[in-house]
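Here the structure comes first, spelled out in structure tokens, and everything after it is commentary.
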Amino acid sequence: MKQRVRAVLLTERGTMLVVNRVRPGIDPYQVLVGGGVEDQDTGLESALLREIREEIAGEATDLRPFRRLPNDKGEIEHFYTARITAWNFDDRTGPEFSRDDRGEYLLQEVPLTADALGALNLMPPQIRTALLDAIDDGTLVTPA
């Protein structure tokens, strides 16, 4: 069974990073940075750090498991919180960015508030609910 990793990337400014996906014929939606675990990855965290480097040319620290959810493809998605220390979306290198049929990828900083998160069409919906719960109970905070 394929495993996937995704990051709730928390900034020092009290925001998190999401990727806006704009595809023809589909309402825009947001996803968290991440992707599939590859054979060369030495574990889930190394896969996630690789994905962060590829997708946003970023560096992250303080990775902590957040949720583990099945997706609609029968894959397991491992969600982590992490402190994002640097990123440059213009320098991304993931293979999906070179394909014309994949639509647009737009990086967005979102305040860590229930209102801001509630306004997103974040996929999968279960992670949106988990993040809203964590904001509500005070367990989702910007790392020091």
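The values are calculated or read from the model by the stated rules, or taken from the named source; none is laboratory data. Model, not experiment: these values are computed from the prediction. Note that we place each Cβ from the backbone using ideal geometry, even for glycine, and neighbour counts take in every protein chain shown.
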Flagged pairs (Cβ under 8 angstrom, 6 or more apart or on separate chains; first in the range 107-123, under 13 Å from L32 (Cβ atoms); second of a type in the set (A, V, I, L, M) and part of a loop (DSSP other than H, G, I, E, B)) are V110/L120; L122/L32
Item checked: Qualifying residue in the range 124-140 (condition: hydroxyl-bearing (S, T, Y), within 25 Å of E38 (Cα to Cα) and modelled with pLDDT under 90) -> no
Of the conditions (1) assigned to a strand (DSSP E or B); (2) under 12 Å from the mean Cα position of the chain (by Cα); (3) over 20 Å from G103 (Cα atoms), the single one that L49 does not satisfy is (1)
Of the residues in the range 66-87 that are in a strand (DSSP E or B) and more than 13 Å from the chain's Cα centre (by Cα), the one that is surrounded by the fewest Cβ atoms within 10 Å (Cβ to Cβ) is A86
Filter the range 106-119 for residues that are closer than 17 Å to R21 by Cβ and touching a Leu at 6+ places or on another chain (Cβ under 9 Å); the one that is surrounded by the fewest Cβ atoms within 10 Å (Cβ to Cβ) is Q108
Taking the range 32-57 and keeping only residues that are under 18 Å from D72 (Cα atoms) and surrounded by fewer than 19 Cβ atoms within 10 Å (Cβ to Cβ), one is left with G36
For the range 1-22, pairs from a residue that is part of a loop (DSSP other than H, G, I, E, B) to a residue that is acidic (D, E) and surrounded by fewer than 21 Cβ atoms within 10 Å (Cβ to Cβ), with Cβ under 8 Å and 6 or more apart or across chains, are M1/E75; K2/E75; T11/E109; R13/E109
All-but-one check, T93 against (1) in contact with a Lys or Arg (Cβ under 7 Å, 6 or more places away or on another chain); (2) modelled with pLDDT under 90; (3) among the β-branched types (V, I, T), failing number (1)
